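Since the structure comes first, as structure tokens, the remarks are kept for the end.
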Amino acid sequence: MRCQHCGEVAVISMPQHRLKLCEKHFPLWVERRVARTIESFQMFSSDDRLLVAVSGGKDSLALWEILLRLGYQADGLYIHLGIEHEGYSHVSQSYAEAFAATHPDATLHLVDVRARYGRSIPELAREGGRRACSRCGMIKRYIMNRTAREGDYDAIVTGHNLDDEAAQLLQNNLYWLRGYLQRQAPVLPQTCQGLVRKAKPLCLVAERESAAYTFVRGIEYIQQECPHSAGATSIFHKKILNDMERRSPGTKLQYYQGFVRARQDGFIIGDEDTPPLEECERCGQPTTANALCAFCRMLETEET
Ligand code: SF4
Ligand SMILES: [Zn+2]
Ligand SMILES: [Zn+2]
């Protein structure tokens, strides 16, 4: 297998792009692809200050590396969730810190959920009688937005890749979750004061490509999955999409890109009017609720 640019040994074959590339040309191809995605969706500009949500996993660290190589001002945010099973949070933090240590121009912000709010994600979930993931998503979104506002960042960027987005789309399609379909986008602009823009620059990069990128760029990351992800529907949906991709390379990309175009053309209309956002009385974060945001309500309910 030979690189189609230079004839050297290829390290990856990407049948959906009819492309085989070597260890020199593959990472450059990924970086160019991300640069074009940022530009075509007008995610942010070179003057913007970016906050990368870093989990210690391959996608977020690959994204941070790519943004820095492309010349963006990108800092990281690691949220310590307090997941102790096999030291998951501790180990993932150490990968985020190791990456930051080799990139001295970038800052890594650390927020420890238990240290700051009194209880870890699993503890908060247990108290509320919920699964960890149902609390985790809301808490992470809250902390990301708050950290971005306090640090005066222009956009929050996350490492969602093509496989994540296609699996999310399948889930949203299967149950026709119109509100979710409307909000599933490569970039969500700032819709009101206090809600920071969100972008997913890896949305056209497949998981396999992101993993290969970290390998050729020598980025170390946590290989272990979060223990709470076992049995998640998204894993099942990814498997179905991978089976389809094997039979028909390019399926995931077509499925997701077709959706994004349809959304841009106005085919996806939400199922409800979005209520106006107000400031939470306690923390000042934007919320659709009357007095307290969901995060402050959760802390209050579980305190009593
Ligand atoms: S699997 Fe669940 S608990 Fe673990 S990081 Fe993801 S959302 Fe949070
Ligand atoms: Zn080459
Ligand atoms: Zn609040």
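Table for the structure above
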{"read-out": "For segment 98-230, size of Cβ-based charge dipole, Lys and Arg +1, Asp and Glu -1, in debye", "value": "640"}
{"read-out": "Per-q log10 I(q)/I(0), the chain, q = 0.09 Å⁻¹ (Debye; single scatterer per alpha-carbon; no solvent)", "value": "-0.47"}
{"read-out": "MRE, 222 nm, helices only [DSSP H, n ≥ 4, -39500 (n - 2.57), over the chain, to nearest 500]", "value": "-14500 deg cm²/dmol"}
{"read-out": "Dipole magnitude (debye, nearest 20) for the chain, charges at Cβ of Lys, Arg, Asp, Glu", "value": "960"}
{"read-out": "Furthest towards positive pole of dipole, 104, 13, 216, structure part the chain, Cβ charges", "value": "13"}
{"read-out": "Residue order, fewest to most surrounding Cβ atoms within 10 angstrom, among 158, 107", "value": "107, 158"}
{"read-out": "Dipole-positive endmost among 253, 153, 231 within the chain (Cβ charges, Cα centre)", "value": "253"}
{"read-out": "Pairs beyond 21 Å (Cα-Cα), from 140/198; 24/252; 58/200", "value": "24/252"}
{"read-out": "Selected from 90, 79, 68, residue furthest toward positive end of dipole (segment 1-114; charges at beta carbon)", "value": "68"}
{"read-out": "Rounded to the nearest 20 debye, dipole of segment 42-107 from Cβ charges on Lys, Arg, Asp, Glu", "value": "100"}
{"read-out": "Fewest-first ranking of 215, 236, using other Cβ atoms within 10 Å as the exposure measure", "value": "236, 215"}
{"read-out": "Three-way shape call for segment 139-197 based on the alpha-carbon gyration tensor, with the a/c threshold at 1.5", "value": "prolate"}
{"read-out": "Alpha-carbon centroid distance for the pair segment 161-179 / segment 1-67, whole angstrom", "value": "23"}
{"read-out": "Phi to ³J(HN,Hα) by Karplus 6.51 cos²θ - 1.76 cosθ + 1.60 over segment 136-144, Hz, x for Gly, Pro", "value": "4, x, 5, 5, 5, 4, 4, 5, 5"}
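Taken together, the values in this text are just the output of simple stated rules run on the coordinates, not laboratory data. Keep in mind that this is a model prediction, so the values were computed, not measured. Ideal geometry is used to build each Cβ from the backbone, glycine not excepted, and the neighbour counts take in all protein chains shown.
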